[in-house]
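First comes the structure, then the notes that go with it.
The values are calculated or read from the model by the stated rules, or taken from the named source; none is laboratory data. Source: prediction; values computed, not measured. Because the Cβ atoms are built from the backbone with ideal geometry, glycine has one as well, and the counts that use them run over all protein chains shown. Calculation scope for accessible area: heavy atoms of the full protein, side chains included, ligands and nucleic acids excluded. Shrake-Rupley method; radii C 1.70, N 1.55, O 1.52, S 1.80 Å.
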Amino acid sequence: MNDLSSPMTAPPAAPAVLALGETGLDITLADGRAHYFNYYWLRDNCPSSFSPVTRERSFDIFHLDTAPRARSADIEDDTLVIAWQDEAHVTRMPLAWLDTYAGGRSRPDPADLPRRAWFSDHYMSVPRFSQPDLVADDGLRAAWIEAMLVHGFTIVTDMPDSDAGLTETAELMGFVRPTFFGTYFDVRTKINPTNTAYTAGALELHTDTPAEEHAPGIQFLHCRVNTVAGGESLYADGVAVANAFRAADPEGFRLLSEVPIPFFCEHDSYDARSRQHVIELDAHGEVSGLTISQHMADIFDLDQKLLDAYYPAFCRFGRMLQDDRFMMRFMMKGGECMVFDNHRIVHGRAAYTASSGDRYLRGCYVDRAEMRSTYRALVSEGRFKA
């Protein structure tokens, strides 16, 4: 029986065991297993190799005359201490820090969040944030970006009725990213339109600017006014559709995720071309999004025998995108800004009667990497916090 009158102490941790080799050392860490670390890696990542001011690596391993090798190594106060053989330098690395990278693990990324798929009934559950509140509260801004990472679609309400209001909102997430359409774009009916969006006709579900080598990641679509008859907005979660397609048609999914197809966007002053995978996968093999646009798909220049399998799969997936179980439909309201992942969310529009009122949307983009960077800065301390 334990003596409850005296405090219980945890058993002492197993002592770290060191073994020096020709190209690296083995050390026993908290999991009780021996882990190998390469000498180049240990020397290159010595804490003294980084400037606390610039937060960049200030040590240049290219300038070493010989391959780094430990003359000696010891454990002092849960820290690995290495004296190097051919230079007057000592490296001190906390064992807990080494444990982060043992076995080739990557540094934890707070922005690597699991996506939550959604379906046609999602509109009332869409995360909504007031623009003035986002401007005033960094904690709320972090929650907004987290919702973007998880859901891929949010609505910002109470938008200022100005061009500057859109810029201010986008810059809460990152820098505005121009495309061949310019830094901003205005969606309204135009004479001699250069894009289907600039007509009153129906606009099929698509992702934007697939003809760019690296299409922009996050789209901001600010509804300034919408009083026309018709023009219902259409949105679907590409993750939900592609996951369903993977389950229903594994071979079709393989083709759409492995075979890139051409896209184009051409007018008098630009001729953009790219090759993209219709279904995009992340580093975990999970669906991260789509690139698809019927009006910007170029002539499929694949082997004609491959097209025997590819085209039917492409059409099966396209029809699934338009299935009612996936498609969210609603009317945008003036003062709202749709913010969505352009590599995940497909969007479109029903036809409307241009003469029935006024419909004006102004849009811009921010890259996904900018969004993730902002989120990490808001929610984590980073490696260099004093």
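Numbers below:
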| item | result |
| --- | --- |
| Region 34-81 - residue that is basic (K, R) and surrounded by 15 or more Cβ atoms within 10 Å (Cβ to Cβ) and, of those, farthest from E381 (Cα to Cα) | R69 |
| Residue within region 159-176 that is open to solvent by 20 Å² or more (accessible area, probe 1.4 Å), modelled with pLDDT of 95 or more, part of a loop (DSSP other than H, G, I, E, B) and among the charged types (D, E, K, R) present | yes |
| Residues within region 284-295 that are in contact with a strand residue (DSSP E or B) (Cβ under 8 Å, 6 or more places away or on another chain) and over 14 Å from A240 (Cβ atoms), tallied | 5 |
| Residue within region 270-287 that is open to solvent by 10 Å² or more (accessible area, probe 1.4 Å), more than 17 Å from the chain's Cα centre (by Cα), under 30 Å from G357 (Cα atoms) and modelled with pLDDT under 95 present | no |
| Given (1) under 24 Å from the mean Cα position of the chain (by Cα); (2) surrounded by fewer than 20 Cβ atoms within 10 Å (Cβ to Cβ); (3) in contact (Cβ under 8 Å) with a residue 12 or more places away in the chain, index of the condition F340 fails | (2) |
| Enumeration of residues in region 89-110 that are among the basic types (K, R) and surrounded by 13 or more Cβ atoms within 10 Å (Cβ to Cβ) | R92 |
| Scope region 316-337; condition under 24 Å from the mean Cα position of the chain (by Cα) and assigned to a strand (DSSP E or B); matching residues | M328, E336, C337 |
| Region 132-152 residues that are within 17 Å of G238 (Cβ to Cβ), paired with ones that are modelled with pLDDT under 95 (beta carbon under 8 Å, 6 or more apart) | G152/G289 |
| Tally of residues being in contact (Cβ under 8 Å) with a residue 24 or more places away in the chain and surrounded by fewer than 12 Cβ atoms within 10 Å (Cβ to Cβ) across region 254-269 | 1 |
| Qualifying positions in region 124-153 - in contact with a strand residue (DSSP E or B) (Cβ under 6 Å, 6 or more places away or on another chain) and open to solvent by 20 Å² or more (accessible area, probe 1.4 Å) | P127, R128, F129, S130 |
| Residue match in region 69-79 (condition: in contact (Cβ under 8 Å) with a residue 12 or more places away in the chain, in contact with a strand residue (DSSP E or B) (Cβ under 6 Å, 6 or more places away or on another chain) and charged (D, E, K, R)) | yes |
| Single condition F220 does not satisfy, out of (1) part of a strand (DSSP E or B); (2) surrounded by fewer than 22 Cβ atoms within 10 Å (Cβ to Cβ); (3) touching a Phe, Trp or Tyr at 6+ places or on another chain (Cβ under 9 Å) | (2) |
| Checklist (1) at pLDDT 90 or above; (2) under 22 Å from R349 (Cβ atoms); (3) part of a loop (DSSP other than H, G, I, E, B) applied to A200, failing item | (1) |
| Residue in region 296-308 that is among the basic types (K, R) and in contact with a strand residue (DSSP E or B) (Cβ under 6 Å, 6 or more places away or on another chain) present | no |
| Search result, residues across region 343-361 that are crowded, with 20+ Cβ neighbours inside 10 Å and of a type in the set (D, E, K, R) | R344, R349, R359 |
| Residue that is least open to solvent (accessible area, probe 1.4 Å) [pool: residues in region 111-123 that are touching a Ser or Thr at 6+ places or on another chain (Cβ under 9 Å) and closer than 15 Å to V239 by Cα] | W118 |
| Given (1) without any contact (Cβ under 8 Å) to a residue 24 or more places away in the chain; (2) open to solvent by less than 10 Å² (accessible area, probe 1.4 Å), number of the condition A377 does not satisfy | (2) |
| Residue in region 339-350 that is part of a loop (DSSP other than H, G, I, E, B), more than 19 Å from S257 (Cβ to Cβ) and of a type in the set (G, A, S) present | yes |
| Residues satisfying the stated conditions in region 351-374, i.e. assigned to a helix (DSSP H, G or I) and more than 11 Å from the chain's Cα centre (by Cα) | A354, S355, S356, T374 |
